[in-house]
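Asker: Structure provided below as structure tokens; questions to follow.
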Amino acid sequence: MTLLSRLKSMLRWLLFRHAAEQELDDDIQSFIQLSAAEKIRNGIPPEEARRLAILEIGGAEQAKEQVRRYRHGGLLDEIGRDFRHALRIFGRSPGFTFMVIGTLALGIGANAAIFSLMDAVMFRSLPVRNPENLVEVRLGARRQTFSYPVWEQIRDHQKFFESMVAYAFSDFNLAPNGETHLVRGLYVSGTYFSVLGIRPAAGRLLTPGDDRRGCSQTGRVAVLSYGFWQSQYGGALNTIGQPITLDGRSFTILGVSSPEFWGVRVGQSFDVAVPACTRNDLIDSANASWLRFLGRLKPGESISEAESGLRTLQPAVREATLPPQLPASRAQNYLKEPFRLMAAAGGSSPLRDQYSMSLMVLMAVVGMVLLIASGNIAGLLLARASARTREIAVRVSLGASRFRLIRQLLVEAVVLSLAGSIAGILIARLSSRFLANQLSTNRGRIFLDLSLDWRVVAFTAAVGIMTGLIFGIVPALRSTQWTPAETLRETSLNSTASRSSAGAGRWLVSIQIALSLVLVFGAALFLRSYWSLATGDHGFRATNVVLVSASLPGPPTQAKATAFLQTFDAIRALHGVRSAAYSATVPLGDTQIDNHIRAGSPVHEDQDGDVYLDYISPGYFATLETPLLAGRDFDVSDDPNADTLAIVNETFARQFFAGNNPVGKTFQRRRPNDSWMPIQIVGFVKDASYSTLRESIPVAYFPTPRSTRGPEDFSLAGYVFSIRTSDGTAAMTPDIVKTFAGIDKNFSLSIDTLQTRVEDSIVQERMLALLSIFFGSLALIIAAIGLAGLVSYSVSRRRPEIGIRAALGASPASLVFLVMRDVIYLTACGLLFGSIVGSLTARLIAGMLYQVTTHDAKAVGIAIATLALVALAAGYVPARSAAHVDPVTCLRSE
């Protein structure tokens, strides 16, 4: 039979099995009848002739089996029968089946949920047409943003891309004044939607004609995302053509993007997209880098070929967009720094850099939880297999091979794991959204595409099958190693098989305890690290501090400066306000200003470096309760000299003045024209965490200008008011809003708290602490159940021995110790092995810890004590029951 014929036969047997079986039976019976008829003609009686005809083919059923194996693929048929047999067996013991599937569902579901998160953050491609052809344009090693003039030059002169898009992220304020109502926005080129292959759900999308210079005056248009259209407008079709107010400007809604498109930045969806040309404050600036570029490669073009073409255009682009009055040294860098192209199928995302390590750690954690669960189930199957030794012996006696029995037991394990995988996917679907929410902050929600895709399904199926093989192989091998004579003898059943099963179960339990110790130790490290960040001294006291980001539209004027000062005085006069200040930025703020400075010291002569800058009002340090270590605070008399006075922090002093008291000393800050301005230090303050809670950075504080006059790199666009209240911060919000509105109704306000910013800055640490504690606790429970089950099984097999000891006068305490001796031994072995593994693996997460070492004594002590107590408690319950057995009952059963 040819290969094609066999494939056709196998397919027909799989799809039309009943008909194929009937046809095969008819063929066999016809052959028997023809052979018997021939023998009858030779004088053999009919019954003997039929018997001989059947013997010639080795039996009717045996012949069918041979035909199936050759013609239809008998292995598939045998595996199918194994599956049906497994379903019948598990149907007879629903309690056992439910417990195993539930345990697997938790383990596999946790793995699938974490992988689903990893898939969304690290692996998934953008929801656009042919994402594999997209590349991102960068400058040098890291820079990703460019000015609008650079966009125009590349857009109008490039021939190496099939097409290009430009985009920039922004928050748009829907509220005309008062407290802001921010939505996530995009400034995009007119080619954005067409190049990405996005179709409109309603209306039309942007075109190149919508994105030309002057569009801010001739007519502003906008495109809504599908989700925003549904939530804000209820999906009404008459939304098209309506106006929408963004940052105080009116735009006409053109259309709605498709439902599946959320943007090109993983973790961030958009609500409204407007043409880049409407950003009229930046389109003429060669200094403002704010746009990102994506290019679509031509068919058959490589990234290196497109990059070579881009670099040939670079000299003309850089010459045409050279910022005016740029110092010569910086101009040379601007002209020479090369363009680069990076593959962009997965889009851009700071989440990848921020959370990749955390997600991999969590993946390892849930993997260990699944291993512990697999060990537990393997122990259950070992005990179950011990009870099935008689069945297995009978099957061996009837001619079943060991391979056939092992396959049957493995199929049973895979059936359990597949059922657990299906339930695990359901758990993953429910829990993955919860996990994604753990990445979100109080000030912004993380958006991740967590829809089910082939990678998640394939991963879950692979984990399920591998898990089934892992926990099924040991029971399968152990259960089939004995001869029928051994297994059919009752005494052998009670000794050899049981000792074998118990021995295998003992080391499985020890491994579970070891892995549980690793998880509990890791959870203790993450918890202590999170606690250090949440409660440590970061140079300010965050409780009861309201932060109000206030801005006024338009360029800086004296009227704006006066409005800020009047508001500041009115805020300080409010009931419940203990102190207040205003500044350009605050610790853990969204805005950061830096500058290059030059300082000299006895140790480091002419040392240069970058520092962070802040402009603060008098009373800023008192409001945040940042200690002043030396010198003085600013006061109103400093305004005429605001450019030349500064207060610096401890890190600044360490970096530029060898840690000495810097008060009275000077440094120089570089001005935009590359000249240097001398600055006198009048104060010295404690370090306050500015960018993150984990590190201290050099900061120089300058007085806020009380008029439109100010440093060249400071624009009076708005301030952050820090308001320390005497009681709850939420109660102050209405009075604060009312105060600002009473001074100027055009104030745009964003209200927050310093405590919220602290909590948002440690979201990653909080997630790791919470999830590691949860999974560590789950591992503890599973290991405790496994240990209790092993001890109970051991006690049940040793009941005659325990009965004899009790009959001979053994005390209950001695019987408890008899059982607990094994528990203590297993626990000690597990703790020893787990301590070694934990100390090695802890080094991998050292960079994620804060003020905690990988050999932290408290974490080690907590982990070992917790495991020891749980293990001893799990073993004591069955041990105590063993101490109160009835000797007569035990001996009678023997």
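Asker: Hey, can you grab everything whose amide H is under 5 Å from the amide H of Gly609? Only 5+ residues off in sequence or another chain; H modelled, so Pro and N-termini drop out.
Answerer: Ile597
Asker: In whole Hz, what ³J(HN,Hα) sequence does the stretch 798-803 give by Karplus (6.51, -1.76, 1.60; θ = phi - 60°), x for Gly and Pro?
Answerer: 9, 4, x, 4, 5, x
Asker: What is the sum of charges around Glu650, taking Lys and Arg as +1, Asp and Glu as -1, for the other residues whose C-beta is under 14 Å from the C-beta of Glu650? Kindly include the intermediate steps, with their values, before the conclusion.
Answerer: Details: positive: Arg654, Lys686; negative: Asp537, Asp687, Glu695.
Here the charged neighbours net out to -1.
Asker: A further question follows. Return one whole number: the accessible area per residue of the stretch 131-345 in Å², for a 1.4 Å probe.
Answerer: 43
Asker: Order 694-703, 572-581, 103-112 from most to least packed using the mean count of other Cβ atoms within 10 Å.
Answerer: Working: 694-703: 21.2, 572-581: 16.3, 103-112: 26.5.
So the peptides 694-703, 572-581, 103-112, ranked by packing, come out 103-112, 694-703, 572-581.
Asker: So, one more: How many Å³ per residue does the convex hull of the Cα positions in the stretch 805-875 occupy?
Answerer: Considering the Cα atoms of the stretch 805-875, their hull volume per residue is 80 Å³.
Asker: When Lys and Arg each count +1 and Asp and Glu each count -1, what net charge do the other residues less than 12 Å away from Arg249, Cβ to Cβ, add up to?
Answerer: 0
Asker: Among residues other than Gly197 whose Cβ falls under 10 Å from its Cβ, what is the net charge (Lys/Arg +1, Asp/Glu -1)?
Answerer: Charge balance near Gly197 sits at +3.
Asker: Specify which residue in the list Gly219, Ile240, Trp229 is farthest towards the positive end of the charge dipole of the stretch 169-266, using unit charges on the beta carbon of Lys, Arg (+1) and Asp, Glu (-1), about the Cα centre.
Answerer: Positive-most Cα among the choices belongs to Gly219.
Asker: More than 23 Å apart: what percent of Cα pairs in the stretch 131-345 qualify?
Answerer: Across the stretch 131-345, Cα pairs with separations above 23 Å total 48 percent.
Asker: Simple spin-label model, 7 Å along Cα-to-Cβ: Asn280 to Asp610 in nm?
Answerer: Simple spin-label model gives 3.4 nm for this pair.
Asker: Per 0.36 nm of contour for each residue apart, how much would the distance between Lys745 and Ser726 grow if the chain were fully extended, relative to their Cα-Cα spacing? Don't jump to the answer; show the numbers that get you there.
Answerer: Working: separation 19, 0.36 × 19 = 6.84 nm, distance 2.70 nm.
Here the segment from Lys745 to Ser726 would lengthen by 4.1 nm.
Asker: Pop out the ³J(HN,Hα) list for the stretch 193-205 in order, Karplus 6.51 cos²θ - 1.76 cosθ + 1.60 with θ = phi - 60°, rounded to Hz; leave Gly and Pro as x.
Answerer: 6, 5, 5, 7, x, 8, 9, x, 7, 7, x, 9, 9
Asker: Given a 1.4 Å probe, how much area per residue of the stretch 753-831 is accessible, in Å²?
Answerer: Result: 41 Å² per residue.
Asker: Okay, next question. Near Lys298, which aspartates and glutamates are there with a Cα under 15 Å away, not counting those fewer than 8 places off in the same chain?
Answerer: Glu132, Glu136, Glu162, Glu307
Asker: Return the long-range amide H neighbours of Ile593 (sequence gap of 5 or more, or a different chain), with a cut-off of under 5 Å between placed amide H atoms.
Answerer: Close amide H contacts, sequence-distant or interchain: Leu613.
Asker: Go through 366-379, 160-173 and give me the packing order, highest mean Cβ count within 10 Å leading.
Answerer: Put in order of decreasing packing, that is 366-379, 160-173.
Asker: Cα to Cα, under 17 Å, and not fewer than 8 places away if on the same chain: which lysines meet these conditions relative to Lys665?
Answerer: List returned: none.
Asker: Considering amide H positions built from the backbone, and no H for Pro or chain starts, which residues 5 or more places from Ala202, or on another chain, come under 5 Å of its amide H?
Answerer: Amide H neighbours of Ala202: Val256.
Asker: Taking the mean number of other Cβ atoms within 10 Å as a proxy for protection, how do you rank 334-342, 144-152 from highest to lowest?
Answerer: Per-residue mean Cβ counts within 10 Å order the peptides as 144-152, 334-342.
The values are calculated or read from the model by the stated rules, or taken from the named source; none is laboratory data. Every value quoted in this text rests on a predicted model; they were computed, and no experiment measured them. Don't worry about glycine lacking a Cβ; one is built from the backbone with ideal geometry, like all the others, and counts go over all protein chains shown. These accessible areas exclude ligands, DNA and RNA; they are computed on the full protein's heavy atoms, side chains included. Shrake-Rupley method; radii C 1.70, N 1.55, O 1.52, S 1.80 Å.
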